[in-house]
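In what follows, a structure is listed as structure tokens, so that the remarks can point back to it.
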Ligand SMILES: [Zn+2]
């Protein structure tokens, strides 16, 4: 089974690139934004909606599916693609991020992590081998090594966690059996350039079909995120896809593509949608705000999504204030489209060799991180 990454174009003025990652469920054109279907559903959107929006890749969470309904049940129902009726490419995470976010109710050791379910308090254990079996049962096209994502500024803890993450990557690599799944290694190391460098070196030595960058957008500043991307991305092979985990703010996507990232995922568009907030160029519209009570205009007059073509802010505000399901649906639809379309625009401009002016123009609508104001 081949997971070829076709590099179609490189931007002459940055590290941005456009390509195609081939998977058993179809090609993923990159750069790409993947919405998150935590429990095998992108909240408030059907697979038909996602296809209509131009979604090319979905993410689902192993931790949640392992606990409910259970990875073996999903396997017995024909795997995640059939279970959720999405025939396109799917990526699952390892579950590590959720487990390490559980705080007091988990314990990490050299061999894995023991934790209590957030649903019923029952006791569970993840090891590298266990999360490989879970992800093989779920059956996504792209699967992730178990890694530890520590607080990014704690040097001593990052050293310990990184050593564990590397041993776990070797164990995941050795125990992963399905040839129709691409297993990605995850670069960690907090905000420390030497740890990030060591991590990229160690993982590329294991020769994964793709590489993720974890532990960013978890409390560090934008400047620190950009600095780590500038350290890590030149160390990753050009011929493999690079995935920045959990990043979904529009300006972060553009800044990361400039630095050579291909794949993104984030709950942001659907979470905002359920809270009545819409992504627009330069920021967000809080549709619950009284100023929209009599505003008949769409969220974004430039947007050609279904929501913007048919509904005004006054109506969307009414739905949001009434907590109507349709409000969650329509605003999530716009938000997912906004990010999928941004990735598509970036890809088109890289292919047309016009990405530098596109990025400059796009980022002009967003405030710059303090130490990058002078150089842009
Ligand atoms: Zn729209």
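The values are calculated or read from the model by the stated rules, or taken from the named source; none is laboratory data. Quick caveat, the model's predicted, so the values are computed rather than measured. Here the Cβ positions follow ideal geometry from the backbone for every residue, glycine too, while neighbour counts run over all protein chains shown.
Restricting attention to the stretch 132-158 and to residues that are within 13 Å of residue 172 (Cα to Cα) and part of a helix (DSSP H, G or I), the residue that is farthest from the chain's Cα centre (by Cα) turns out to be 133.
Taking residue 329, is it more than 23 Å from the chain's Cα centre (by Cα), in a helix (DSSP H, G or I) and more than 20 Å from residue 251 (Cα to Cα)? Break it down into steps so the answer makes sense when it comes.
On the way: more than 23 Å from the chain's Cα centre (by Cα): no; in a helix (DSSP H, G or I): yes; more than 20 Å from residue 251 (Cα to Cα): yes.
So residue 329 does not fit the description; no.
Of the strands (runs of 3 or more DSSP E) lying entirely inside the stretch 10-78, those containing at least 2 residues that are under 24 Å from residue 98 (Cα atoms) and touching a strand residue (DSSP E or B) at 6+ places or on another chain (Cβ under 8 Å) are 32-37, 58-60.
Only one of the numbered conditions (1) closer than 30 Å to residue 13 by Cα; (2) within 16 Å of the ligand (Cβ to nearest atom); (3) not in a helix (DSSP H, G or I) is violated by residue 264, and that is (2). Hey, does the stretch 170-179 have a residue that's within 28 Å of residue 90 (Cβ to Cβ) and in contact with a strand residue (DSSP E or B) (Cβ under 6 Å, 6 or more places away or on another chain)? Within the stretch 170-179, one or more residues are within 28 Å of residue 90 (Cβ to Cβ) and in contact with a strand residue (DSSP E or B) (Cβ under 6 Å, 6 or more places away or on another chain).
Taking the listed residues 296, 357, the one that is outside any loop (DSSP other than H, G, I, E, B), in contact with a helix residue (DSSP H, G or I) (Cβ under 9 Å, 6 or more places away or on another chain), loosely packed, with under 14 Cβ neighbours inside 10 Å and free of Cβ contacts under 8 Å to residues at least 40 places away in the same chain is 357, with no other qualifying.
I need a count of the residues in the stretch 299-314 that are within 15 Å of the ligand (Cβ to nearest atom), part of a helix (DSSP H, G or I) and over 25 Å from residue 36 (Cα atoms).
Here is the first cut: in the stretch 299-314, the ones within 15 Å of the ligand (Cβ to nearest atom) are 299-313.
Next, only the ones that are part of a helix (DSSP H, G or I) stay: 306-310, 313.
Adding the requirement that they be over 25 Å from residue 36 (Cα atoms) leaves 310, 313.
So the count comes out to 2.
Counting only residues that are on the phi < 0 side of the Ramachandran plot and in a loop (DSSP other than H, G, I, E, B), the stretch 267-280 holds 2 of them.
Annotation: of all residues in the stretch 60-85 being more than 12 Å from residue 135 (Cβ to Cβ) and in contact (Cβ under 8 Å) with a residue 24 or more places away in the chain, the one that is surrounded by the fewest Cβ atoms within 10 Å (Cβ to Cβ) is 85.
Regarding residue 263, is this residue touching a residue at least 12 places away in the same chain (Cβ under 8 Å) and either touching a strand residue (DSSP E or B) at 6+ places or on another chain (Cβ under 9 Å) or under 30 Å from residue 213 (Cβ atoms) (or both)? Answer is yes for this residue.
Among the residues of the stretch 2-21, the ones that are in contact with a helix residue (DSSP H, G or I) (Cβ under 9 Å, 6 or more places away or on another chain), closer than 24 Å to residue 181 by Cα and surrounded by fewer than 19 Cβ atoms within 10 Å (Cβ to Cβ) come to 1 in all.
Please enumerate the residues belonging to the stretch 87-111 that are modelled with pLDDT under 90, assigned to a loop (DSSP other than H, G, I, E, B) and under 19 Å from the mean Cα position of the chain (by Cα). Listed by number, the list holds a single entry, 101. Among the residues making up the stretch 315-354, those that are within 16 Å of the ligand (Cβ to nearest atom), without any contact (Cβ under 8 Å) to a residue 60 or more places away in the chain and within 19 Å of residue 55 (Cα to Cα) are 330, 331, 345. Do you know which residues across the stretch 239-264 are more than 17 Å from residue 188 (Cα to Cα), surrounded by 22 or more Cβ atoms within 10 Å (Cβ to Cβ) and within 11 Å of the chain's Cα centre (by Cα)? Scanning the stretch 239-264 gives 248, 253, 262. For the stretch 281-292, the condition holds for at least one residue, the condition being that it is touching a residue at least 12 places away in the same chain (Cβ under 8 Å), part of a loop (DSSP other than H, G, I, E, B) and within 14 Å of the ligand (Cβ to nearest atom).
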